[in-house]
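The values are calculated or read from the model by the stated rules, or taken from the named source; none is laboratory data. Predicted model only: the values in this text are computed from it and were never measured. Don't worry about glycine lacking a Cβ; one is built from the backbone with ideal geometry, like all the others, and counts go over all protein chains shown.
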Amino acid sequence: MNYQDHSMLLNDLIRINNDRIAGYEKVSNELREGYDNDLKLLFSKMIINSNDLNADLSKMVSFLGGEPASGTTGAGKLYRLWLDVKAIFTVTADRKTALEDCEQIEDAVQQAYNDALNEPGLPPEIFALLSSQKASLLEAHNQVKVLRNMQHA
């Protein structure tokens, strides 16, 4: 894998994080006003987290001589995985559905990072960056899972 391939891989993750941001904004806007403020706060933190992750990914893409992505998914190796998941962000009727949808999204993000980390020939600095980001995203995943489980109790 060469520098251009690494840049493309990192740009796929930037786009996936952009989709994650758009999805959480959509779900947050569909939650009941005054009732689900805790979820709105959590989703806001996840949006900030994805923005922070993208800033670090963009720096690495620039360091590799590439142009950081700015849009949402469109093409790329990880896009095929994401395509099926992106459809999950549909109309959210209630808290339980919102959390179930968000957990599926977090599962897909984890899978995208797993796939990226399993790319052959990743330089150690990129592997370290993606491992750190995956761990950060796993915390978000676990928060959503705990809240979702509380809805079933």
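If only residues of region 99-125 that are among the aliphatic types (A, V, I, L, M) and touching a residue at least 24 places away in the same chain (Cβ under 8 Å) are counted, the one that is surrounded by the fewest Cβ atoms within 10 Å (Cβ to Cβ) is LEU122.
Conditions tested, residue by residue: (1) modelled with pLDDT of 80 or more; (2) not in a helix (DSSP H, G or I).
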{"residue": "PHE89", "(1), (2)": "no, yes"}
{"residue": "THR92", "(1), (2)": "no, yes"}
{"residue": "GLU103", "(1), (2)": "yes, no"}
{"residue": "ASP107", "(1), (2)": "yes, no"}
{"residue": "GLN110", "(1), (2)": "yes, no"}
{"residue": "TYR113", "(1), (2)": "yes, no"}
{"residue": "PRO120", "(1), (2)": "yes, yes"}
{"residue": "ALA128", "(1), (2)": "yes, no"}
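Kindly check whether there is at least one residue in region 49-57 that is aliphatic (A, V, I, L, M), at pLDDT 80 or above and within 26 Å of GLU30 (Cα to Cα). There is at least one residue in region 49-57 that is aliphatic (A, V, I, L, M), at pLDDT 80 or above and within 26 Å of GLU30 (Cα to Cα). Only residues that are outside any helix (DSSP H, G or I) and at pLDDT 85 or above: list them for region 15-47, please. Answer for region 15-47, where residues must be outside any helix (DSSP H, G or I) and at pLDDT 85 or above: there is none. Identify, please: which residue in region 126-136 is within 15 Å of the chain's Cα centre (by Cα) and touching a residue at least 24 places away in the same chain (Cβ under 8 Å) and is, among those, farthest from ILE21 (Cα to Cα)? Here the answer is LEU129.
Residue count for region 15-62, restricted to those that are in contact (Cβ under 8 Å) with a residue 12 or more places away in the chain and acidic (Asp, Glu): 5.
The set of residues from region 38-65 being over 24 Å from ARG148 (Cβ atoms), surrounded by 15 or more Cβ atoms within 10 Å (Cβ to Cβ) and among the polar types (S, T, N, Q) comprises ASN54, SER58.
Which condition number in (1) modelled with pLDDT under 90; (2) more than 24 Å from GLN151 (Cα to Cα); (3) of a type in the set (A, V, I, L, M, F, W, C); (4) part of a helix (DSSP H, G or I) is the one that VAL85 fails? Here VAL85 meets the rest and fails (2). Evaluate region 130-150: report whether one residue or more is at pLDDT 85 or above and either among the aromatic types (Phe, Trp, Tyr) or part of a loop (DSSP other than H, G, I, E, B) (or both). The answer is no; no qualifying residue exists.
Among the numbered conditions (1) surrounded by fewer than 18 Cβ atoms within 10 Å (Cβ to Cβ); (2) of a type in the set (Asp, Glu); (3) assigned to a helix (DSSP H, G or I), the only one that ASP12 does not meet is (1). For region 66-73, the criterion of a residue being closer than 29 Å to ARG148 by Cα and at pLDDT below 80 is satisfied by at least one position. Among the residues of region 9-42, the one identified as closer than 15 Å to ASP94 by Cβ and of a type in the set (Phe, Trp, Tyr) is TYR35.
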